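Chemist: One structure coming up, written as structure tokens, with questions to follow.
Bear in mind that the values in this text are calculations on the coordinates, not laboratory data. These numbers come from a predicted model, not from an experiment. Glycine also receives a Cβ, built like all others from the backbone with ideal geometry; neighbour counts cover every protein chain displayed.
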Amino acid sequence: MQPALIVPEEVSSRPRKRLPWSFLIAGIAILGAVAYLVYANTQANAVYYMTVSELKSCTSLACTTQSVRVAGVVQAGTIVRNDQTQTVHFVITQGVQALPVVYSGIVPDIFRPGIEVVVEGHYSGHGAFQALTLLTKCPSKFQAAPNS
Amino acid sequence: MYFSDVGSIALILALGFAVYTVVVAVLGATRGIAPLVTSAKRSALTVTFFLLVAASALIISFLIHDFGVSYVQQESNLAMPWYFTLSAFYGGQEGSLLYWALMLSIFSAVFIFTSKRAPQALLPYVMATLMSVEVFFLIMLAIVSNPFVRLPVAPPDGRGLNPLLMDPGMLVHPPMLLMGYMSFSLPFAFAVAALITGKLNSDWLRSIRRWMLVAWSIQTTGLLLGAWWAYHVLGWGGYWGWDPVENAALLPWLTATAFLHSTMVQERRGMLKVWNLGLVIASFALSIFGTFEVRSGIISSVHSFAYSAVGPYFLTFLAIIVVFSIVLFLYRLPRLRPEQEFDSVISREGAFLFNNLLLVGVAFATFWGTIFPILSEAVRRQTMTVGPPFYNHVNGPLFVLLVLAMGVGPLLAWRRTSSRALWRNLLVPAIAAAACAIILPLAGISNVWANIAFAACSFTAGAIIYEFWRGMRVRHSHGESYFLAFNMLLARYRRRYGGYLVHLGLVLLAVGVIGSNFFQVERDAVLKPGQSLNVAGYQLTFLGNIAYTTPGMDAVNSQLQIWQDGRLLRYIYPGRQFYQNFDNQPTSQISITTFGLTDVYVFLADWQGATSATIRVFINPLTPLVWLGGLLMLAGGIICWWPERRRLRIPVKETYAEGAALANKGNGDHSVGVEVGPSGEGTLVVARVGDWSEENKNIVSKAPLSHRQDTGATEEPTA
């Protein structure tokens with residue numbers, strides 16, 4: 001039988017050394033890139049998410065210059081559709097506050113009076129909210145909320 | 001006595017036995033009393049039995065339409081076909097929690113039955129941890145969210161399942177995802193057991209890795225099915241929307257993927273122990289977070305979830321897990337010193353570390369985006385959200401780097417790689433990437449980011465295919481056909497080549513994602529009969545609407561033709577369905593037709609009588625690759641996991657004293673044995689401990705025992 005050969009790999013008495021510089025630099029570069037990407041994109045993409053009354057009472061400049069998300073309930077009898085331009089006008093309410101909304105595009109399946117919607121778009125402080133997206137809150141995947 | 005009463009009693013009994021298991025297992029382990037551990041095993045199996053009884057009771061209640069059970073009344077009705085009635089079992093919160101608990105008990109039983117090969121010292125603690133998790137779920141089921149609560153008066157019919165869930169995807173997607181969340185409990189139990197006993201040896205590593213691979217495969221399946229369901233049911237033309245619920249399912253998958261890679265560094269070099277345990281614990285904590293987030297209503301999602309009472313309980317449980325794990329960690333930190341040190345960043349372990357940082361970076365960014373509404377509310381008193389652009393812009397570049405690392409990593413040697421070997425290995429993939437970078441812009445694809453991403457994908461695909469080719473060529477030169485050589489590579493080196501298949505699948509999936517992300521075309525139109533819509537070379541001609549009624553459902557379908565270059569390709573029938581009891585919530589029958597690698601996705605948005613339809617058309621290039629790549633990933637994962645044929649192992653000291661003496665010369669981390677090939681020839685093998693019966697890359701030396709030439713020693717195709 002041929003003897004198998006093993007070369008001893010290292011002498012265990014070698015003193016411990018710290019993590020090599022190359023690892024530190026590479027690690028810091030990646031973590032820095034992740035941190036930068038998260039920070040920059042949070043700055044660029046964060047959108048205010050507010051209720052109708054919060055939007056109405058908002059005085060900061062950000063509310064009228066940035067894109068805003070607003071949640072509210074579609075008021076009965078306010079939906080006006082224009083099939084030619086595919087725009088729909090409606091009013092969302094939250095408590096006593098009401099906000100007219102204009103949206104063009106395809107309306108989700110379950111859009112109808114009385115459901116909660118989330119619109120994202122621009123609001124100039126008066127007139128109608130210009131919605132770029134219209135999301136209906138899906139009925140729960142698991143079960144209906146107790147009060148619905 | 002109703003079946004639901006049997007279920008209630010079974011839940012209480014299961015709870016009792018689960019508590020007993022925890023107490024007895026810990027006592028048996030700390031006092032060293034073997035009969036107590038045996039008793040704990042039997043008691044854990046009893047928990048499985050009673051949960052099976054409880055689940056059967058709920059299933060029977062559904063099948064006999066016992067609407068006196070509140071949960072049955074909520075989730076089913078008489079008109080539903082039997083398979084949806086069955087799937088209503090996990091359609092609501094109570095049932096989904098019962099399903100979670102049931103699956104955990106079944107996995108615990110599987111663990112107990114297969115525990116002969118697991119490290120025995122850890123066994124009681126693994127059981128105790130699993131049953132502690134089980135106790136939590138059983139308390140929830142018994143007190144807060146009991147599926148067997150009865151109504152005072154049984155109504156004649158039930159409310160029925162949400163129509164969006166009445167889809168074949170519903171039959172498999174939620175149970176898969178819940179099972180995926182649950183399956184992270186097993187690696188977690190192993191991590192806790194190892195921290196308590198301080199035994200983090202190679203047997204432990206093998207067990208935890210295999211269970212994590214199970215969890216990873218199940219979660220991969222769940223994510224793919226979820227994407228498939230979204231694509232085929234929701235009608236917005238995509239398969240992944242970065243919704244908080246989707247993110248929650250992705251998070252443990254990312255940390256598990258990181259673990260499956262970094263564990264190899266621990267296996268080979270004895271490093272990254274703290275990091276690996278951290279990843280296991282993080283995966284479990286994130287899976288509980290996912291289960292919790294869906295039910296708590298703390299994050300406003302497009303899905304509005306039930307604001308139920310279980311939220312605070314889950315949060316408490318999550319806090320206990322995190323605190324308990326941190327305390328254990330601090331207690332065991334002295335034992336978790338690395339055995340070796342990093343040498344060079346251009347090495348396999350360097351690539352793994354790079355890959356881990358990227359995966360954890362993606363997980364962090366996704367987690368950040370998911371909880372950003374809560375963070376901003378707490379810090380700035382103003383709820384803010386981030387949408388899909390945030391995730392795409394952060395995770396997109398990180399994924400491109402990840403794909404590159406996936407191509408480079410396997411080409412690097414452990415410890416350090418000589419630059420000559422590196423360049424030689426990089427040549428083929430680099431040519432593939434360069435070819436892609438030149439051809440695509442010439443073919444008219446001008447988007448810079450898409451080109452960079454495609455080049456990265458072709459680099460990695462080139463590297464993987466070249467690796468397969470080299471392995472097959474070596475075996476072919478020993479007389480195997482290329483087809484057999486391919487199969488033998490997968491059969492003999494499951495982890496390595498199974499892993500390559502996963503990588504190749506991910507590259508295909510990435511190509512699909514890039515294609516649908518950058519090159520999707522969307523067009524809306526209102527059409528009258530005979531009118532056409534031209535989009536991306538396809539012409540859709542509307543013919544008319546057809547309405548029909550079946551029991552429990554009304555439906556409308558539009559008839560359209562798809563033409564291309566003057567040829568009629570197909571008739572399609574996108575439509576809408578209205579379920580009885582849910583007539584204000586129509587569901588869509590989306591028409592998806594695949595031509596080559598392009599999906600033509602047609603959604604009927606609205607219609608007027610028989611002669612007008614509003615349709616939305618998406619042309620989704622390369623999207624079929626998402627599913628193809630996903631299937632390949634899954635196949636690779638299963639190959640990695642599939643148990644190896646047991647090889648003959650001969651005790652070191654008695655039989656091969658000579659070899660043992662040799663092995664002892666090395667740091668004692670080598671073992672000696674005989675590998676028996678298919679035709680009976682033997683090879684004396686000296687291998688590192690822990691790598692036995694895994695791929696034979698770690699074998700330090702080999703010597704043939706018979707006179708016949710053994711090809712096993714020369715098969716290894718690494719450079």
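Chemist: Using a 10 Å cut-off on Cβ atoms, rank the peptides B:136-149, B:482-495, B:273-286 from the highest mean neighbour count down.
Modeler: Working: B:136-149: 20.7, B:482-495: 17.1, B:273-286: 24.0.
My ranking of the peptides, most packed first, is B:273-286, B:136-149, B:482-495.
Chemist: Peptide B:359-366: average number of partner chain Cβ atoms within 10 Å per residue?
Modeler: Values: counts 0, 3, 7, 1, 0, 4, 6, 0.
For peptide B:359-366, the averaged partner shielding equals 3.
Chemist: In the P(r) worked out for segment B:94-141, what percent of Cα pairs fall beyond 12 Å?
Modeler: In whole percent, the share of Cα-Cα pairs in segment B:94-141 beyond 12 Å is 62.
Chemist: List nothing, just return the count: lysine pairs in the protein assembly as shown, 8 or more apart or interchain, with Cα separation under 18 Å. Could you put the intermediate results ahead of the total?
Modeler: Numbers: A:LYS17/B:LYS273; B:LYS41/B:LYS116; B:LYS116/B:LYS199; B:LYS199/B:LYS273; B:LYS653/B:LYS665; B:LYS653/B:LYS702; B:LYS665/B:LYS702.
Count of close lysine pairs: 7.
Chemist: Can you put B:THR611, B:THR21, B:THR417 in order of Cβ neighbours within 10 angstrom, beginning with the fewest?
Modeler: If I rank by nearby Cβ atoms, fewest first, I get B:THR611, B:THR417, B:THR21.
Chemist: Still on this model: Give me the Å³ per residue figure for the convex hull around the C-alpha atoms of segment B:521-621.
Modeler: Convex hull of Cα atoms, per residue: 96 Å³.
Chemist: Is there a quick way to get the dipole size of the protein assembly as shown? I mean about its Cα centre, with the Cβ of Lys and Arg at +1 and of Asp and Glu at -1; what is the value in debye to the nearest 20?
Modeler: So the dipole magnitude of the protein assembly as shown works out to roughly 2340 debye.
Chemist: Can you give me the distance in nm between label points at B:ILE320 and A:HIS122, each placed 7 Å from the Cα along the Cα-to-Cβ direction?
Modeler: The answer from the label model is 5.3 nm.
Chemist: Could you work out, residue by residue across B:381-391, how many beta carbons of other chains sit within 10 Å of that residue's beta carbon, and then give the average as an integer? Can you show the working numbers first?
Modeler: Details: counts 0, 8, 8, 10, 8, 7, 7, 1, 4, 9, 2.
Mean shielding by partner chains, rounded to a whole number: 6.
Chemist: Which percent of the Cα-Cα distances in segment B:470-528 go past 13 Å?
Modeler: On the way: 1226 of 1711 pairs.
Across segment B:470-528, Cα pairs with separations above 13 Å total 72 percent.
Chemist: Further question: At q = 0.20 Å⁻¹, work out log10 I(q)/I(0) for segment B:37-90 with the Debye formula, treating every Cα as an identical point scatterer and leaving solvent out; two decimals please.
Modeler: -0.66
Chemist: Translational diffusion coefficient, Stokes-Einstein: compute it for chain B using the Kirkwood radius over C-alpha pairs as Rh, at 10 °C and 1.306 mPa s, and state it as an integer in µm² s⁻¹.
Modeler: 56
Chemist: How do the peptides B:502-511, A:94-103 rank, highest first, by the average count of neighbouring beta carbon atoms within 10 Å per residue?
Modeler: The packing order, highest mean first, is B:502-511, A:94-103.
Chemist: Based on the alpha-carbon gyration tensor of the protein assembly as shown and its eigenvalue square roots a ≥ b ≥ c, which shape applies: rounded if a/c is under 1.5, prolate if not and a/b is larger than b/c, or oblate?
Modeler: Details: a/c = 1.84, a/b = 1.41, b/c = 1.31.
Prolate, since a/c reaches 1.5 and a/b exceeds b/c.
Chemist: While we're on this one: Need one word for segment A:90-135: rounded, prolate or oblate. Basis is the Cα gyration tensor (sqrt eigenvalues a ≥ b ≥ c); a/c below 1.5 gives rounded, then a/b vs b/c decides. Please report the intermediate quantities before stating the final value.
Modeler: On the way: a/c = 2.24, a/b = 1.16, b/c = 1.93.
It is oblate, given that a/c is not under 1.5 and a/b is not larger than b/c.
Chemist: Taking 7 Å along the Cα-to-C-beta vector as the label spot, tell me the A:GLN75-B:ALA547 distance in nanometres, rounded to one decimal.
Modeler: 3.2
Chemist: Related question: Considering segment B:165-266, what Rg and Dmax in Å follow from its alpha-carbon atoms?
Modeler: My reading of the Cα-based Rg and Dmax gives 16.1, 52 Å.
Chemist: Work out, step by step, the length gained on full extension between B:ALA434 and B:LEU52: first 0.36 nm times the residue separation, then minus their alpha carbon distance; give nm to one decimal.
Modeler: Length gained, B:ALA434 through B:LEU52: 131.8 nm.
Chemist: At 0.36 nm per residue, minus the direct Cα-Cα distance, what do B:ASN392 and B:ALA610 gain on full extension? Give it in nm, one decimal, please.
Modeler: Difference between extended and current length: 74.4 nm.
Chemist: Turning to a different aspect of this structure: State the extension gain, in nm to one decimal, for the chain segment bounded by B:ARG42 and B:ALA635, taking 0.36 nm per residue of separation less the distance between their alpha-carbons.
Modeler: Here the segment from B:ARG42 to B:ALA635 would lengthen by 210.0 nm.
Chemist: Given a Förster radius of 25 Å and the C-beta distance between B:VAL274 and B:ARG416 as r, what FRET efficiency does 1/(1 + (r/R0)^6) yield to the nearest 0.05? Please report the intermediate quantities before stating the final value.
Modeler: Working: r = 24 Å, r/R0 = 0.94.
E between B:VAL274 and B:ARG416, to the nearest 0.05, is 0.60.
Chemist: Okay, moving on. How would you order B:91-99, B:457-465 from highest to lowest mean count of nearby Cβ atoms within 10 Å?
Modeler: My ranking of the peptides, most packed first, is B:91-99, B:457-465.
Chemist: What number in nm² do you get for segment A:28-126 if you take the convex hull of its Cα atoms and divide its surface by four?
Modeler: 8.7
Chemist: Decide, for segment B:162-367, between rounded, prolate and oblate: order the square roots of the alpha carbon gyration tensor eigenvalues as a ≥ b ≥ c, take rounded if a/c falls under 1.5, and otherwise choose prolate if a/b is larger than b/c, else oblate.
Modeler: Taking the square roots of the gyration eigenvalues as a ≥ b ≥ c, segment B:162-367 is prolate.
Chemist: Continuing with the same structure: What is the Cα coordinate range of segment B:1-161 on the first, second and third principal axes, sorted by size from largest, in whole angstrom?
Modeler: Rounded to whole Å, the extents work out to 58, 28, 21 Å.
Chemist: Applying 1/(1 + (r/R0)^6) with R0 = 35 Å to the Cβ-Cβ distance of A:SER60 and B:VAL144, what FRET efficiency is obtained, to the nearest 0.05?
Modeler: Calculated value: 0.25.
Chemist: Something else: Just to be sure I understand the model, the point goes 7 Å from the Cα along the line to the Cβ. What's the resulting B:ARG337 to B:ALA450 distance in nm?
Modeler: Inter-label distance under the simple model: 5.6 nm.
Chemist: For B:39-48, what's the mean count of beta carbons from other chains sitting within 10 Å of each residue's beta carbon? Could the numbers behind the result be given before it?
Modeler: Numbers: counts 0, 0, 0, 0, 0, 0, 0, 0, 0, 0.
Counting Cβ atoms of other protein chains within 10 Å of each residue's Cβ and averaging gives 0.
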